[in-house]
Each structure stands twice: as structure tokens, then as C-alpha cells.
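Notes follow the structure.
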Amino acid sequence: QSVLTQPPSASGTPGQRVTISCSGSSSNIGRTPVTWYQQFPGTAPKLLIYSTNQRRSGVPDRFSASRSGTSASLAISGLQSEDEADYFCATWDATLHGVFGGGTKLTVL
Amino acid sequence: QLQLQESGPGLVKPSETLSLTCTVSGGFISSSSYYWGWIRQPPGKGLEWIGSIYSSGSTYYNPSLRSRVTISVDMSKNQFSLRLSSVTAADTALYYCARDGRPIDTWFDPWGQGTLVTVSS
């Protein structure tokens with residue numbers, strides 16, 4: 001049972017805009033920066049977004065993220081087949097312990 | 001370019017202690033302003049933060065694993081290590097090491113490739 005709640009799956013067609021949500025609480029997302037990771041099968045997660053809405057160097061600007069209250073979201077516009085992957089959100093709790101979402105499997109139809 | 005590489009036994013018996021080492025190259029643990037962490041991922045499941053350590057030895061541990069986890073650092077070898085005692089099948093997972101952005105930010109970057117540890121007799 002993950003501390004942060006993500007939908008287990010999401011899907012979209014090429015060119016579409018897809019949003020992945022991450023729900024937490026006032027003791028985690030509500031007070032600390034949110035991070036997003038992208039993971040392809042058989043590989044380690046890679047940092048996608050840090051400080052809630054900052055793209056890591058090299059990440060296409062099709063990827064954006066935001067936070068509202070105790071929820072965060074990752075948006076992918078102009079969806080491409082290469083975006084098919086698992087996406088995880090993460091942050092700290094009030095005692096600086098790392099917490100992750102359960103992950104969302106994105107399928108490009 | 002900073003790189004991390006996990007190493008250690010791939011098979012551990014129940015009730016024994018899991019021991020893994022993360023070797024850092026392309027940078028030095030001793031001169032870093034960041035922490036160094038361990039994260040695990042059971043097959044087909046999500047990510048779980050295990051704990052993180054600073055070059056000074058200061059640590060943060062996941063409360064759910066705290067009683068069984070020890071993370072240490074060896075700056076002479078530019079390595080940090082994980083020990084998880086009294087393992088059960090539930091500890092079977094891919095174990096990753098990564099640079100931890102605390103105390104500044106919440107990211108882990110970069111990650112090692114991961115090493116699969118199976119707990120079985």
C-alpha cells in the first residue's frame with residue numbers, strides 16, 4: 001500500500017494530452033517538492049520532474065507537472081509511442097522520509 | 001558523469017542478512033552535498049524507499065524497515081552499503097542505489113541499474 005495514490009493505468013492515442021494524478025496529504029505533497037520518474041521495462045527509474053514542476057535537463061517540454069493542495073499531476077502533451085512507460089510520483093513526509101506512489105502504467109494506443 | 005553500481009549476492013536465505021554495496025564513480029561521496037540512498041522494487045510492483053546516508057554518517061531510514069536496516073558509508077572506497085537483517089520472501093526485490101537530493105530536494109538521480117535479490121531457501 002503506497003503512501004501516495006496514483007491510478008494504476010492511463011492511456012492515450014498519439015498526439016493526445018494525458019494527465020497522471022498523484023494524491024497525498026498535508027504531511028507530504030502538501031508541504032514538500034514532488035518528483036516524477038519514468039521507468040521503462042527492465043530498466044531503472046529515471047528522474048523526469050523535480051521541485052514539483054522543473055524538467056530535468058534533456059526532458060522534452062511535452063512533459064509538465066504541477067501541484068494543487070495535496071495532489072500533484074504529470075501532463076504529457078503530444079503523446080508519442082516512446083512515452084509508453086511506468087510513471088511514479090514521490091516526495092517526503094513530514095519527517096523527511098521518502099514516499100512513492102504505486103506507479104501508473106501509461107499505454108499509448 | 002556520475003554513475004552508481006550495485007553489487008552483492010543475488011540469493012539470500014530466509015532469516016539471514018542481505019548485504020549490498022553501491023560503488024560511486026565519476027564523483028566523490030566525500031565531496032557531495034547530497035545524501036545517498038537505497039530504494040527497492042518488488043517484481044512487478046512499486047518503489048519503496050529504504051533509507052539514505054550522508055558522508056558524515058547521518059542517516060534517514062524508512063520507519064517500516066528501521067529495525068532491520070543499517071546503511072553505512074566507506075569514503076575510502078567511494079561506496080555505501082545496505083544491510084537488511086532477518087529477511088523474508090517479502091524482501092525479494094530489485095534493489096537500487098541512487099544519489100539522494102536531500103537536504104535540498106526530494107529527487108533521486110542518477111540511479112544504479114539495480115540488482116535483483118531473491119530470498120529463498
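The values are calculated or read from the model by the stated rules, or taken from the named source; none is laboratory data. In this text the structure is predicted, and so the values were computed from the model without any measurement. Cβ atoms come from the backbone with ideal geometry, glycine included; neighbour counts cover every protein chain shown. The accessibility values were calculated without ligands, DNA or RNA, using every heavy atom of the protein model including side chains. Shrake-Rupley method; radii C 1.70, N 1.55, O 1.52, S 1.80 Å.
Quick notes on this one:
- Counting residues in the range B:69-90 that are under 13 Å from the mean Cα position of the chain (by Cα), without any contact (Cβ under 8 Å) to a residue 24 or more places away in the chain and closer than 22 Å to residue A:90 by Cβ gives one or more.
- Test for residue B:83: is it within 30 Å of residue A:31 (Cβ to Cβ) and either within 14 Å of another protein chain (Cβ to nearest Cβ) or open to solvent by 40 Å² or more (accessible area, probe 1.4 Å) (or both): no
- Residue check for residue B:94: among the hydrophobic types (A, V, I, L, M, F, W, C) and open to solvent by 10 Å² or more (accessible area, probe 1.4 Å): yes
- From the list A:41, A:7, the lone residue that is more than 14 Å from the chain's Cα centre (by Cα), more than 10 Å from chain B (Cβ to nearest Cβ), of a type outside the set (A, V, I, L, M, F, W, C) and farther than 21 Å from residue B:100 by Cα is A:41.
- Condition met for residue B:120 (farther than 19 Å from residue B:4 by Cα, among the small types (Gly, Ala, Ser) and open to solvent by less than 60 Å² (accessible area, probe 1.4 Å)): yes
- Verdict on residue A:68 being more than 14 Å from every other protein chain (Cβ to nearest Cβ) and open to solvent by 70 Å² or more (accessible area, probe 1.4 Å): yes
- Residue, modelled with the lowest pLDDT, within the range A:1-12, restricted to residues that are open to solvent by less than 60 Å² (accessible area, probe 1.4 Å) and assigned to a loop (DSSP other than H, G, I, E, B): A:2
- The set of residues in the range A:78-90 being in contact with a Gly (Cβ under 7 Å, 6 or more places away or on another chain) and either of a type in the set (S, T, N, Q) or without any contact (Cβ under 8 Å) to a residue 40 or more places away in the chain (or both) is empty.
- In the range A:16-58, the residues that are part of a loop (DSSP other than H, G, I, E, B), β-branched (Val, Ile, Thr) and crowded, with 17+ Cβ neighbours inside 10 Å: A:29, A:32, A:34, A:52
- Residue in the range B:27-39 that is within 25 Å of residue A:91 (Cβ to Cβ), assigned to a loop (DSSP other than H, G, I, E, B), more than 10 Å from chain A (Cβ to nearest Cβ) and open to solvent by 30 Å² or more (accessible area, probe 1.4 Å) present: yes
- Filter result (away from chain B (no Cβ under 14 Å), surrounded by fewer than 17 Cβ atoms within 10 Å (Cβ to Cβ) and not polar (S, T, N, Q)) within the range A:71-109: A:75, A:78, A:82, A:84, A:109
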